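Participant: Below you'll find the structure I mean.
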Amino acid sequence: SISMFPISHFPFFPSPPGSQLPCFHGSSTIRHLKERFHMNLTEEQLQLLVEQLVDGSMRSLTTRLYDGFQYLTNGIM
């Protein structure tokens, strides 16, 4: 079981007040970040999504190539 860390604990949500960072300028940045966290899903839906993402990653050629690269260059398996 994965312990979830509420996204509301991140100090920059819902938006960084007075931020000078260019990445936070524009209306879509925070919305896109929230979409990547799938905040609209229930716990059960999120668990299913994570399982699907892991399954897809495990069958991915690019994942295997990257894992091989990490093993050869850093000894990480």
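Participant: On average, how much accessible surface per residue is there in region 19-72, in Å², for a 1.4 Å probe, leaving out ligands, DNA and RNA?
Facilitator: 87 Å²
Participant: If you keep only loop residues by DSSP, which trypsin sites (Lys or Arg not before Pro) in region 20-65 have at most 14 other Cβ atoms within 10 Å of their Cβ?
Facilitator: When the trypsin sites (Lys or Arg not before Pro) of region 20-65 are filtered for loop state and at most 14 Cβ neighbours within 10 Å, Arg59 remain.
Participant: Give me the distance in nm between label points sitting 7 Å out from Cα along the Cα-to-Cβ direction at Tyr71 and Met58, one decimal.
Facilitator: 1.6 nm
The values are calculated or read from the model by the stated rules, or taken from the named source; none is laboratory data. All figures in this text were calculated on a predicted structure; none of them were measured in a lab. Here Cβ is always computed from backbone atoms with ideal geometry, including for glycine, and neighbour counts include all displayed protein chains. For the accessible areas, the whole protein counts, side chains as well, though only heavy atoms, and no ligand, DNA or RNA atoms are used. Shrake-Rupley method; radii C 1.70, N 1.55, O 1.52, S 1.80 Å.
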